[in-house]
């Protein structure tokens, strides 16, 4: 090797090493950048530096191959490896960029379901696009790939019917938006109740209220009824109070007082149905129905409002000189005259 060639190879090694150092520095510097546009630019610059290092390495390896006359086969192998390396670099950087965009969307909208679904679809589309674009360079025919999708897809569909069913059901969950990550769901058909933690391609993870993870195949949601209490607009107060029969004269005034109290309660939604009526003669009580909706949907806040309503009902009943009934049973005994024979004839 001549002195000129040695200098050229040294310059090439310095250039490759510089590109790698610059890419590593950009990786470390990226964490300090908060603006989205600058971070995208850093990803693009890092991908360009890595590709430049790969191309430089390829050119110098080709020079060595020609110098030592190793043949076209080795040269084609080097070109193929370089193309494969650049494809991996581009895909890796784009995946990182998609993950970054997903986190940015989560910070802005808090819609985890849409952000994760969009990120996954972008990654799948990216993989398909790269296979179609660079497949021919790796010896794969696009027409062959399409034919495999038509013929081989049938065999794959038969073999992985359950997997494909869960996959497409997961896509429909993203599309129909029956529930999202963070929603509280329940099913009257199955013993399912808890908070949705993750919606995957095959499984949906639900954390039950006793903090036990439940993994549910996505296909199951196409055949069961799912309730989403997390999207309720109001919570309901529905109860029945029983008054004593001896307080029958105060029932009308008590009903009116309870209705007035609910009408003046700021925590009760006045646009929803509000019913307070004496509606039943019970076995041991006169029953009054109380039916209304709170503005809050938070469980703890609803319990607090319901407690305040119940305490005020107790005050109203006692203020009218009445009281609540409890299960009682009155037994009426009929007196009988018992005929008895006289002890002797002289007895009265």
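All of the numbers you see were taken from the coordinates with simple rules; none came from a lab. For clarity, every value in this text was computed on a predicted model and none was experimentally measured. Cβ placement follows ideal geometry from the backbone for every residue including glycine, while neighbour counts extend to all protein chains displayed.
Structure above, values below:
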item: Gyration tensor (Cα) of the stretch 232-319, equivalent ellipsoid semi-axes in angstrom; result: 24, 12, 11
item: Projected label distance in nm at residue 73 and residue 271, using a 7 Å step from Cα toward the beta-carbon; result: 7.9
item: Extension gain from residue 231 to residue 124, taking 0.36 nm per residue of separation minus the Cα-Cα distance; result: 35.4 nm
item: Rough spin-label spacing in nm, given labels placed 7 Å along Cα→Cβ, for residue 289 and residue 319; result: 2.5
item: Inter-site label distance for residue 214 and residue 261 at 7 Å from Cα along Cβ, in nm; result: 3.7
item: Per-pair calculated FRET efficiency, R0 = 25 Å: residue 189 and residue 95 via Cβ, rounded to 0.05; result: 0.05
item: Alpha-carbon centroid distance for the pair the stretch 71-87 / the stretch 254-272, whole angstrom; result: 80
item: Normalised per residue, the volume of the convex hull around the Cα set of the stretch 162-230 (Å³); result: 75
item: R0 of 30 Å, Cβ-Cβ distance residue 103-residue 171: FRET efficiency to nearest 0.05; result: 0.85
item: Gain upon complete extension [residue 308, residue 246; 0.36 nm per residue less C-alpha separation]; result: 19.6 nm
